[in-house]
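The values are calculated or read from the model by the stated rules, or taken from the named source; none is laboratory data. The model shown is predicted, which means the values in this text are computed figures rather than measured ones. Glycine also receives a Cβ, built like all others from the backbone with ideal geometry; neighbour counts cover every protein chain displayed. The protein model used for the area step is the full one, side chains on, heavy atoms only, and it has no ligands, DNA or RNA in it. Shrake-Rupley method; radii C 1.70, N 1.55, O 1.52, S 1.80 Å.
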There are 4 protein chains.
Amino acid sequence: MAEERHYENILSKRKEETLKQLQKDYDDFQKNKTFWYPIWQFGEPKGKLFKVGCEDNPDFGETSYLEFDSGRTAFLSIDFQIDFCGEKGYVDVMKYPLENTATPLIATKEVLNRVRKTDITVIHTREGHLPDLSDCPYNKLLRSKIIGKGTGIGEKPKGGIGELLIRGSKSWGIVKEVEPIEGEILVDKSGKGAMGVSNLHLVLQNLGITHLVIAGITADVCVNTIMTEANDLGYWCLLLKDCTGATDNGNYDAVIKSTKMQGGVFGWVSDSKSFIKAMEGI
Amino acid sequence: MAEERHYENILSKRKEETLKQLQKDYDDFQKNKTFWYPIWQFGEPKGKLFKVGCEDNPDFGETSYLEFDSGRTAFLSIDFQIDFCGEKGYVDVMKYPLENTATPLIATKEVLNRVRKTDITVIHTREGHLPDLSDCPYNKLLRSKIIGKGTGIGEKPKGGIGELLIRGSKSWGIVKEVEPIEGEILVDKSGKGAMGVSNLHLVLQNLGITHLVIAGITADVCVNTIMTEANDLGYWCLLLKDCTGATDNGNYDAVIKSTKMQGGVFGWVSDSKSFIKAMEGI
Amino acid sequence: MAEERHYENILSKRKEETLKQLQKDYDDFQKNKTFWYPIWQFGEPKGKLFKVGCEDNPDFGETSYLEFDSGRTAFLSIDFQIDFCGEKGYVDVMKYPLENTATPLIATKEVLNRVRKTDITVIHTREGHLPDLSDCPYNKLLRSKIIGKGTGIGEKPKGGIGELLIRGSKSWGIVKEVEPIEGEILVDKSGKGAMGVSNLHLVLQNLGITHLVIAGITADVCVNTIMTEANDLGYWCLLLKDCTGATDNGNYDAVIKSTKMQGGVFGWVSDSKSFIKAMEGI
Amino acid sequence: MAEERHYENILSKRKEETLKQLQKDYDDFQKNKTFWYPIWQFGEPKGKLFKVGCEDNPDFGETSYLEFDSGRTAFLSIDFQIDFCGEKGYVDVMKYPLENTATPLIATKEVLNRVRKTDITVIHTREGHLPDLSDCPYNKLLRSKIIGKGTGIGEKPKGGIGELLIRGSKSWGIVKEVEPIEGEILVDKSGKGAMGVSNLHLVLQNLGITHLVIAGITADVCVNTIMTEANDLGYWCLLLKDCTGATDNGNYDAVIKSTKMQGGVFGWVSDSKSFIKAMEGI
């Protein structure tokens, strides 16, 4: 049936030109194992260039390098909210262990400390709904109430500190360890992802951001979704594996692995130490 | 810092009303273990109602039931293209085994056979780019060329049957086993997901669809992304676990498991047999 | 060049079915001059049905009727903020006369009074930016500062009551006459339109809304954009012409006229009296 | 009620920094009357800089200049399809005069000739639906059939040359005068706008485009909508007034005027001669 679909012939020229550029970059990669910051695409760097070592790329067991322009890079700290990694929040109420979602806080804190000395933009996201719940799908509300044994999104659990996942509620806030500071950006989102249910894309456009360095929780839900959506829109995504976590270890492992498949199907994977080291010169 | 955010007080009334509806549905769930088709939300059914048993819901080891209105349900068959599960396509060129992505074809074919006797809408999606590559991010092109040892998206591999992931190319077509038939819908998408990079949402709105039954490949990439995006937009999503597959078994397992977390964080999970059985009365 | 584009032949069947339905509705329209609520598309009504007379439809000089299901209708009250129609707000600072944007308040107030006695959902939108301006394009900021003789978005004008177009600022609030009441929905948007830069579409989906009745300001900017975007997504839009206004009379007239072109290119046009009358039975 | 909304205090610092940049640009504007290409935002130019004179900006009767980077500029040629400006197309079938929509072809052709000698990207858009009509809202179909006296979208009019507004149909093609040539980009859209119902935004991102020069038809429908959506997303939009037209003269005038309101609420307005002159040095 595929042969029934046919497009305009004039489209071939632009493809040829793109393939020429690709061949050049491919040949270069054989020598340098580096995904250079694409000046031909985005223009001269606005900040400083730096290279991060990425594991299992292009194939498992191999190492490649991803180059960033600090002036066009955002460090994305996703949903480190009390509800997801703090006591008496949403995850705690569902009785999942906090260990897995709280551990990445340590590495993320260290990355943040270093990033804050550069011109890399820091963006924090928060999942949360309006106090009238108008932006929350009903099935999400109902499932949360059932798994929460009667206490779901919008309700304050017994002994809890705030209404679950509600903007302005205490449990919705970001935990102390990685709290935003003056000048950093907060993006509120009404779902797991961010591109269709928040202004993240608009904010990134306003800043001229092309590359994302991703930390946050949970790996298999919000982090994976945002990375995939961003990747679909052309952002160059680097996931820091010790700066993310999931409520289940197998799910965490799978996110890291699936990101690495197909030569980096959603982006690249590195860790906090490599990234901090890479920022040395900037 | 959370306490610094404050919203309008008038928002509280709508929340109270929603929580009342939730309490009613929660109490009912304790008795019936069923997520009824929400008539109060979407109106009287357009087609026939039927209930599907869902595993590990709300918690692992438990079973619940999800009710559908056939007239508002779409069966989504995601990316069963030669490029992802056929010989000489994209996945084959990258030397991943075809087994995992081809196996779900059998169960999907059986579901399709049964679905086609009902008024459930069948929608097929295809990932693919325009022949000039204008809708393909450059990093996607480059990574595919590198992992493909010089042959990536837009190029025809040695001994291959068409340009990889290009609309109209032979390898981009859907495999015979689950090929679309007359009257079924084709949605072409320029990425892994579908909501931001295709017209899927628009097509579903035009049809008045509220519930999705999901099959397709690959589980950890396109299927997971589309399910998450659809869930964020309020669609009720059921994943048929034997109708999906990944190039890696661990990644497949994780998608199934992570969907079940938090009482069904992205939706519900069932299998082809349960779903076919559920359609008995319609 | 058009002949170079060719699609799959299986697509023809669904077209035939749709054309059959269209022929039926077309024939009916010749007799009844009515756009019935499409039960075949959205299902049985959730609320009560009522019909509104629409002017210059399908052609100039003619009258047709648009049927609504109150349970699937939202009354959209767009951007009646101090910044757009009140003293010392954005429009006032730019020295445009307030008359044109304030006049529609009277008719809108009357419609609101009547709508509040029905099950029609009331949604208010507000254009405004986050206090850090991160969601505001730089060119918008700069142009507003220049036309405002040095005082633009984010700044408090001399003798003004708040920072212009900033969420939470006093001048950003909705004017008393059409202020939201308990149980009504507030949608905040970061632009003129609403579909790409707010959660309006998500909120409408959550409520199962299919038809919009539109009031608000300004006619040629936010109202026209939201109506067009909503129309593109399949919403049935009715504009109440005396419930909208523009800073320029010619621009206002053109919005009303262009909406009526092509048999209703963006939707239908009526007025407050006709709409209030139509709600008699509900 | 506005005073009930309160945001985090840390947001103030970023605002201060933005206001400082704005003050600098505002002061500069007083001297140079120029909206410079914002290097601080997008980086060093990729191509050549050039300045276009814009009429009635910032206020009516005044002239300002908008600077472009040729390497980040796209010339958008909107919907010059037979259906909108050719014989036996959609507009012709509705019996609107073709004069108004065909006139801008002459100026657009001249601009295209000159643009093709630069590195400015040329993008053509086309409104059209899939041959199964799945991406066309039902109310759009019905209204087009009624105003077309029985022949609407998807149907071939008596004596016509193709099915109206259907991708691949002869009347859907772009007219000879401004036909795309090799290497130019085609964006197909399922609505009047482009951001929510096509891949235009994705294509622009892939190319690193920040500024748009807009031509096309019809002024009050597709052109106005796309310009507004693009403006909301931060693109710097220049409308060439003699390169656009509407089926109604008053509606055309209003689009030009409303674009100029508020210091350029959707962007800037110039004409083909000024733009061609501005390209002299590139």
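Structural remarks
- Per-residue accessible area (protein heavy atoms, 1.4 Å probe) orders A:Glu8, A:Glu177 as A:Glu177, A:Glu8, starting from the largest.
- Pairs of Cα atoms nearer than 8 Å and 6+ residues apart set the relative contact order; for the stretch A:18-102 it is 20 percent.
- 10 Å Cβ neighbours from other chains, averaged over peptide B:233-239: 4
- More than 12 Å apart - percent of Cα-Cα pairs taken over the stretch A:36-88: 73
- Within the accessible area of the stretch D:132-282 (1.4 Å probe), percent carbon and sulfur: 48
- The stretch B:67-153: GluC sites (Glu not before Pro) falling in loop per DSSP and having at most 15 other Cβ within 10 Å: B:Glu87
- Once the Cβ-Cβ distance of A:Lys33 and A:Lys273 is raised to the sixth power relative to R0 = 30 Å, the FRET efficiency obtained is 0.95.
- Derived scalar couplings between HN and Hα for the stretch C:49-58 equal 8, 8, 10, 10, x, 10, 8, 6, 9, x Hz in order, rounded to whole Hz, by the Karplus curve 6.51 cos²θ - 1.76 cosθ + 1.60 (θ = phi - 60°), x for Gly and Pro.
- Nearest-20 debye value, the stretch B:136-192 charge dipole, Cβ charges on Lys, Arg, Asp, Glu: 520
- Take every pair of alpha-carbon atoms less than 8 Å apart whose residues are at least six positions apart; their mean separation over the length of the stretch B:113-230 yields a relative contact order of 24 percent.
- Compactness index (Cα Rg / 2.2 N^0.38 Å), the stretch C:6-122: 1.54
- Per-pair calculated FRET efficiency, R0 = 22 Å: D:Phe60 and D:Asn249 via Cβ, rounded to 0.05: 0.65
- 5 angstrom amide H check on B:Gly160, placed H, neighbours 5+ away: none
- Whole-number D in µm²/s for the protein assembly as shown (Stokes-Einstein; Kirkwood sum over Cα pairs; 37 °C, 0.692 mPa s): 111
- Mean residue ellipticity at 222 nm, helices only, the protein assembly as shown: -9500 deg cm²/dmol; runs of at least 4 DSSP H residues each add -39,500 (n - 2.57), and the sum is divided by the number of residues.
- Å² of accessible area per residue within the stretch C:187-282, as computed with a 1.4 Å probe and no ligands counted: 19
- Inter-copy label distances at C:Gly250, shortest first and taken from points set 7 Å along Cα to Cβ: 1.2, 6.9, 7.0 nm.
- Pseudo-label separations to other copies for B:Lys48 - Cα-to-Cβ vector, 7 Å, nm: 3.6, 6.9, 7.1
- Rounded to 10°, Cα long-axis angle of helix B:138-147 versus longest principal axis of chain B: 60
- For trypsin sites (Lys or Arg not before Pro), the sites in the stretch D:59-98 that DSSP calls loop and that have at most 13 other Cβ atoms within 10 Å are D:Lys95.
- Computed with a 1.4 Å probe on the full set of protein chains, the accessible area for C:Trp268 sits at about 0 Å².
- The stretch D:59-156: proportion of alpha-carbon pairs further apart than 24 angstrom, %: 43
- Taking all Cα-Cα distances within the stretch A:163-228, those exceeding 15 Å account for 62%.
- With the convex hull drawn around the C-alpha atoms of the stretch C:16-64, the volume per residue stands at 83 Å³.
- Computed on the Cα atoms alone, the convex hull of chain C gives a volume of 170 cubic angstrom per residue.
- Pseudo-label separations to other copies for A:Lys273 - Cα-to-Cβ vector, 7 Å, nm: 4.8, 7.0, 8.0
- Note on surface exposure: B:Thr103, B:Thr118 rank B:Thr103, B:Thr118 by accessible area, highest first, 1.4 Å probe.
- Going from the chain on its own to the full set of protein chains, the stretch D:138-156 has these residues losing 10 Å² or more of accessible surface (heavy atoms, 1.4 Å probe, no ligands, DNA or RNA): D:Tyr138, D:Asn139, D:Leu141, D:Leu142, D:Arg143, D:Lys145, D:Ile146, D:Ile147, D:Lys149, D:Gly150, D:Gly154, D:Glu155.
- For the stretch A:179-240, GluC sites (Glu not before Pro) meeting the loop criterion (DSSP other than H, G, I, E, B) and having at most 15 other Cβ atoms within 10 Å: A:Glu182.
- Computed from Cα atoms, the angle from the helix C:12-32 axis to the main principal axis of chain C rounds to 80 degrees.
- Checking the cross-link pairs C:Lys51/C:Lys273; C:Lys88/C:Lys149; B:Lys88/B:Lys170; B:Lys189/D:Lys46; A:Lys15/B:Lys145; D:Lys109/D:Lys277 against a 18 Å limit on the alpha carbon distance flags B:Lys189/D:Lys46 as lying beyond it.
- The stretch C:91-152 and the stretch D:211-282 have Cα centres spaced 23 Å apart.
- Rg ratio (alpha-carbon, reference 2.2 N^0.38 Å) - the stretch D:185-282: 1.06
- Residue by residue along C:177-184, Cβ atoms of other protein chains within 10 Å of the local Cβ number 4 on average.
- Amide hydrogen neighbours beyond the local backbone of C:Thr244, cut-off 5 Å, H modeled: C:Gly216
- Here's how it looks for A:Val269: its modeled amide H is under 5 Å from those of A:Glu55, A:Leu239, which are all 5 or more places away or on a different chain.
- Chain pair A, B: total accessible area buried, heavy atoms, 1.4 Å probe, Å²: 7800
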